[in-house]
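Okay, structure first, notes after.
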Amino acid sequence: MVSTLVSIPGYEIGEELYNGSRTLVYRADREADSLGVIIKLLKNPYPSFSELVQFRNQYMIAKNLNSPSIIQTYSLEAYQNGYALVMEDFGGISLNDFAKVETLHRISIGEFLTIAIALCDTLDILYRNRIIHKDIKPANILINPQTRQVKLIDFSLASLLSRETQTVTSPNVLEGTLGYISPEQTGRMNRGIDYRTDFYSLGVTFYELLTGQLPFQAQDAIELVHCHIAQTASLAHEVNVHIPFVLSQIVGKLMAKNAEDRYQSALGLKYDLEKCLIQLKTTGKIESFPIAQRDVCDRFIIPDKLYGREAEVKTLLQAFERISTGATEMMLVAGFSGIGKTVVVNEVHKPIVRERGYFIRGKFDQFNRNVPFSAFVQSFRNLIEQLITESDAQIQIWKNKILAAVGENGQVIIEVIPELERIIGQQPSAVKLSGTAAQNRFNLLFQKFVQVFSRKEHPLVMFLDDLQWADAASLKLIELLMNESSKGYLLLIGAYRDNEVSAAHPLIFTLEEIRKEQAIINTITLASLSISSLNQLVADTLSCALEIAEPLTQLIYQKTKGNPFFSTQFLKALYEDGFIKFDLNEGNWQCDIVAVKALVLSDDVVEFMALQLQKLPETTQNILKFAACIGNQFDIATLAISSEKSETETATALWKALTG
């Protein structure tokens with residue numbers, strides 16, 4: 001059917017293929033040469049900058065992937081206020097639609113294996129080009145019903161970084177498609193995002209093709225997030241008894257919660273799938289066999305999982321269990337810089353999701369101690385960003401609750417956290433007070449404000465980092481939040497460098513005052529990693545036995561004394577300098593221990609990191625100097641202005657630091 005709504009110069013528009021919430025897709029003919037094409041448009045007549053960037057992103061990445069497994073892009077053309085993305089038309093339909101026309105809405109095992117093997121080749125191409133797709137799902141996989149050719153589409157979320165970190169945001173704005181999203185993509189797994197995130201989404205896609213249903217059925221977004229990070233799906237053969245057990249195992253391994261437990265290579269996965277197909281063609285059935293025997297990864301990856309912190313994590317999780325039943329507690333996490341305080345704290349995400357709670361964080365800055373409440377402001381800006389993505393009805397509920405708590409003094413909080421106005425609207429000017437009276441009013445209001453979010457139906461965890469640099473006003477507010485008037489359901493986590501906090505430090509005095517009020521304060525003190533824990537990390541990084549890793553572990557321990565950050569950076573430096581290499585012939589990692597022993601490297605972490613920074617290009621070093629002057633957080637626009645460069649030049653200079 002010819003659309004009367006769209007007219008694109010140079011193209012004769014044919015049928016509408018897709019009409020989604022954000023995009024429109026049409027089949028068309030290019031008038032210049034009568035070539036059949038597919039045209040994708042943004043639905044929003046006034047697209048945001050983010051939408052435009054994503055549209056350009058999918059064009060730039062896909063056009064550089066010259067592969068029959070990837071949809072070919074012809075051009076990106078200006079259209080109204082956005083773009084028209086022109087792609088090849090190979091007669092494909094989505095795997096969703098293809099499955100619907102198959103017998104009983106389910107693809108046969110043989111058909112499935114053929115498609116799955118083709119997708120392994122596609123993911124291997126992405127791996128070789130260091131691309132993470134981040135939105136693998138049946139709707140983004142096209143198949144020609146006649147030729148059975150399979151192609152991957154939609155690189156709008158794809159990343160050229162080999163590793164990314166997803167911060168905690170509302171499930172309503174997470175990148176990817178919630179039914180297929182990997183646990184680490186939720187931002188609640190204490191794990192970075194790398195190429196293995198696509199393996200999880202591929203596993204969900206396989207599961208759906210084989211069983212006719214998604215592995216997790218949930219009522220809302222936050223429940224679905226919890227399923228991905230903490231629930232175990234029924235195995236595919238338990239849902240569909242016709243699925244061979246070994247195929248069910250393969251899919252289950254792809255869907256492992258932790259990336260290190262999944263397949264590590266697309267070719268290792270392909271080997272197992274091909275073995276299944278050969279059996280099926282030869283004998284008509286698929287017998288079980290040990291899977292992942294040829295699964296070897298040639299990429300240097302230091303695991304994200306925690307080593308030697310089981311007791312500390314247990315203590316933290318027990319504290320959350322107590323506050324989720326009505327308590328108020330403070331948990332201090334002490335230790336040297338680089339010891340892993342933040343990583344331990346992040347382990348609390350899983351139970352927070354289960355209890356539908358909120359996690360917010362702020363960080364005090366060594367050079368901004370004159371700015372009162374800076375970490376609190378960061379925390380609640382983060383919370384408001386989460387709240388404004390909820391439904392209009394839910395936002396209205398929040399507005400009513402906040403106004404009921406702060407009364408006519410909402411403007412007092414808005415002056416400190418301007419983003420709050422987006423929820424409660426403009427507020428009348430508050431009565432002017434001075435000195436102590438103004439401070440007391442703010443503290444009382446902020447107490448009530450915090451209590452709005454600390455409820456049985458949604459406990460609140462507030463993480464304040466670098467307490468050793470907290471200003472006096474913030475320390476007083478912490479004291480008030482922990483006093484007996486607290487309504488519960490609040491866990492305040494404070495991390496600090498205990499080597500920078502003496503007995504006369506203001507933080508120590510504050511903690512003493514809090515204890516006088518009988519408030520609960522517990523402390524986790526993180527020590528360096530034991531040599532056995534460090535050896536486990538090295539062995540996991542090099543995929544070798546513990547005894548093989550021991551000589552290298554001893555050398556690393558001599559330099560780093562078990563500091564986790566220093567140890568991982570040292571390992572990374574050995575790899576980047578060529579002392580650790582992957583031997584393709586042997587299929588394993590090799591380390592030149594003799595050469596490492598001969599190295600003259602500093603055992604001071606600051607000096608060592610300075611030397612690593614000096615290896616970066618001079619333009620990158622210069623831009624990082626400006627970034628350091630801005631603070632622990634910065635944006636491209638501010639950095640560009642301060643360095644007197646364009647945003648493009650600034651981003652280009654930063655790229656080496658991001659990919660290094």
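Rule-based calculations on the coordinates, nothing more; no lab input. Source: prediction; values computed, not measured. A quick note on method: Cβ atoms are made from the backbone with ideal geometry, for glycine too, and the neighbour counts reach across all protein chains shown.
The table below lists the values:
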quantity: Computed lengthening from residue 367 to residue 16, 0.36 nm per intervening residue step minus Cα-Cα distance; calculated: 120.7 nm
quantity: Where only alpha carbons of the stretch 11-88 are counted, the Rg and the Dmax (Å); calculated: 12.4, 34
quantity: Convex hull volume per residue in cubic angstrom - Cα atoms of the stretch 93-283; calculated: 115 Å³
quantity: Cα-based reach from residue 134 at 17 Å (exclusive), listing lysines while leaving out same-chain residues under 8 positions away; calculated: 151, 257
quantity: Fewest-first sequence of 596, 239 by Cβ atoms within 10 Å of each Cβ; calculated: 239, 596
quantity: Enclosed volume per residue, in Å³, of the convex hull spanned by Cα atoms of the stretch 616-659; calculated: 62 Å³
quantity: The stretch 551-636: C-alpha pair distances exceeding 23 Å, %; calculated: 36 percent
quantity: Nearest 10 degrees, 0 to 90: helix 506-516 Cα axis against the chain principal axis; calculated: 80 degrees
quantity: Share of pairwise Cα separations in the stretch 470-582, more than 25 Å, in percent; calculated: 47 percent
quantity: Calculated FRET efficiency for the pair residue 487/residue 659, C-beta based, R₀ 51 Å, to 0.05; calculated: 0.60
quantity: Backbone N under 16 Å from the residue 629 label point (7 Å along Cα→Cβ), restricted to the stretch 349-367; calculated: 367
quantity: Relative contact order computed over the chain (Cα-Cα under 8 Å; 6+ residues apart), in percent; calculated: 10 percent
quantity: Between the stretch 205-256 and the stretch 557-602, the Cα center-to-center distance that results, in Å; calculated: 39 Å
quantity: Per-residue [θ]222 nm for the chain (sum of -39500 (n - 2.57) over DSSP H runs n ≥ 4, rounded to 500); calculated: -13500 deg cm²/dmol
quantity: The chain, Cα convex hull volume normalised per residue, Å³; calculated: 193 Å³
quantity: The stretch 532-590: radius of gyration and largest Cα-Cα distance (Dmax), Å; calculated: 11.0, 34
quantity: Burial ordering of 361, 163, fewest other beta-carbon atoms within 10 Å first; calculated: 163, 361
quantity: Cross-link reach list, aspartates and glutamates versus residue 314, counting only Cα pairs under 12 Å and skipping chain neighbours closer than eight places; calculated: 347
quantity: Inter-site label distance for residue 586 and residue 314 at 7 Å from Cα along Cβ, in nm; calculated: 3.8 nm
quantity: Fewest-first sequence of 225, 606 by Cβ atoms within 10 Å of each Cβ; calculated: 606, 225
quantity: Protection proxy ranking of 423-434, 495-506, 264-275 - average other beta-carbon atoms within 10 Å, highest first; calculated: 264-275, 495-506, 423-434
quantity: Cβ-derived FRET efficiency at R0 45 Å, residue 473 paired with residue 602, nearest 0.05; calculated: 0.70
quantity: Spacing of the two label points (7 Å from each Cα toward its C-beta) at residue 527 and residue 649, in nm; calculated: 5.2 nm
quantity: Pairs of lysine residues in the stretch 494-587 - Cα separation under 25 Å, sequence separation of 8 or more or cross-chain; calculated: 5
quantity: At R0 = 25 Å, FRET efficiency that the Cβ-Cβ distance of residue 558 and residue 299 yields, to 0.05; calculated: 0.40
quantity: Segment residue 165-residue 35, extension gain: residue separation times 0.36 nm, minus the distance between their alpha carbons; calculated: 42.7 nm
quantity: Potential extension, residue 440-residue 512 segment - 0.36 nm per residue separation minus Cα distance; calculated: 23.9 nm
quantity: Degrees, to the nearest 10: 564-576 long Cα axis against longest axis of the chain; calculated: 40 degrees
quantity: Between 0 and 90°, nearest 10: helix 374-387 axis offset from the chain longest Cα axis; calculated: 40 degrees
quantity: DSSP-loop chymotrypsin sites (Phe, Trp or Tyr not before Pro) across the stretch 559-653, with at most 10 other Cβ within 10 angstrom; calculated: none
quantity: Rounded D (µm²/s) - the stretch 269-412, Kirkwood Rh over Cα pairs, Stokes-Einstein at 10 °C, 1.306 mPa s; calculated: 76 µm²/s
